[in-house]
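Let me begin by presenting the structure, written as structure tokens, before commenting on it.
The values are calculated or read from the model by the stated rules, or taken from the named source; none is laboratory data. Please read these numbers as outputs of a predicted model, since none were measured by experiment. Reconstructed Cβ throughout: ideal geometry from the backbone, glycine too, with neighbour counts over all protein chains shown.
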Amino acid sequence: MNVNKTYCTIGIDFNNDDTGRMNIESETYHQAYGYNEDFVLLGLTIKSSGSYGYGLTYHCLTDGCNEPKLSKLQLLLNSITIEHNVDVILPLLYVPTPDIPLTCSRYTNFTNPNECYSQEQSSIFCVICFTSIDGIKNSICSDCLDNDDLISDLLLDERAYLLKTRKTSNHNFEVHCNIRECNRMDKIEQLRKLYRYDFDYNKFASQSISAWAFYNKNMIFFNVIILLILNKL
């Protein structure tokens with residue numbers, strides 16, 4: 001299909017129950033973030049049930065760039081590394097019977113703190129601690145919630161890998177937890193050291209070039225055969 005000023009995408013998601021899905025489509029959502037080049041968005045989600053999921057979305061800006069030809073799917077999978085241990089991470093974020101009210105960190109780097117939390121809510125009854133880090137705006141918001149609904153998503157960590165400039169951006173990070181001061185920045189930094197995921201720029205670039213060359217070589221060979229057949233006719 002033809003789209004206007006948007007990314008073509010290949011999305012791949014996996015869950016810990018060995019299920020997954022793949023989407024090949026177009027996307028306008030990330031256009032607003034100013035990534036004016038091809039990029040890969042790679043993310044990890046951990047839930048309070050102990051389940052987890054991870055996924056990647058390849059965004060590209062040229063015609064047909066998300067065709068699953070040229071082994072693009074395999075290139076993407078070969079270029080990522082994901083290592084994590086839910087059994088180690090989960091106890092740092094969640095307990096089935098927390099001590100209520102919680103003591104949570106309250107911090108923001110917003111010029112106007114009210115954009116993060118209301119100054120009048122200093123006595124809020126904390127049930128869930130949270131921290132949100134927006135890598136696009138370089139903004140941090142740590143506070144607590146009085147919502148007693150069960151926590152589902154404990155951790156969401158997304159990073160954007162810009163393929164032309166080879167810059168890595170901490171796209172979005174969110175943590176919701178119910179352990180005392182679990183949303184403090186020093187504890188979050190310790191938490192992020194317990195898992196690893198990365199995208200190998202060199203591996204993706206070198207394999208993409210090889211695949212493209214192989215594809216072009218075969219197309220040239222195919223065209224030569226067609227020309228020979230037409231000349232004989």
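Among the residues making up the range 166-185, those that are under 22 Å from residue 196 (Cα atoms), outside any strand (DSSP E or B) and out of contact with any helix residue (DSSP H, G or I) (no Cβ under 8 Å at 6 or more places or on another chain) are 183, 184, 185.
I need the full set of residues from the range 23-53 which are in contact with a Gly (Cβ under 7 Å, 6 or more places away or on another chain), crowded, with 19+ Cβ neighbours inside 10 Å and polar (S, T, N, Q), in order please. The one that is in contact with a Gly (Cβ under 7 Å, 6 or more places away or on another chain), crowded, with 19+ Cβ neighbours inside 10 Å and polar (S, T, N, Q): 45.
Restricting attention to the range 145-165, and to residues there that are exposed (fewer than 15 other Cβ atoms within 10 Å of the Cβ) and in contact with a strand residue (DSSP E or B) (Cβ under 7 Å, 6 or more places away or on another chain), which single residue is farthest from residue 198 (Cα to Cα)?
Quick first cut of the range 145-165, residues exposed (fewer than 15 other Cβ atoms within 10 Å of the Cβ) only: 146-150, 152-153, 164-165.
From what's left, in contact with a strand residue (DSSP E or B) (Cβ under 7 Å, 6 or more places away or on another chain): 147, 152-153.
Values: 147: 34, 152: 25, 153: 21 Å.
Of everything passing the filter in the range 145-165, 147 is farthest from residue 198 (Cα to Cα).
Being modelled with pLDDT of 90 or more, hydroxyl-bearing (Ser, Thr, Tyr), in contact with a strand residue (DSSP E or B) (Cβ under 9 Å, 6 or more places away or on another chain) and within 22 Å of residue 169 (Cα to Cα), is that true of even one residue in the range 86-98? The answer is no; no qualifying residue exists. A count restricted to the range 123-144 and to residues that are part of a loop (DSSP other than H, G, I, E, B) and surrounded by fewer than 17 Cβ atoms within 10 Å (Cβ to Cβ) stands at 7.
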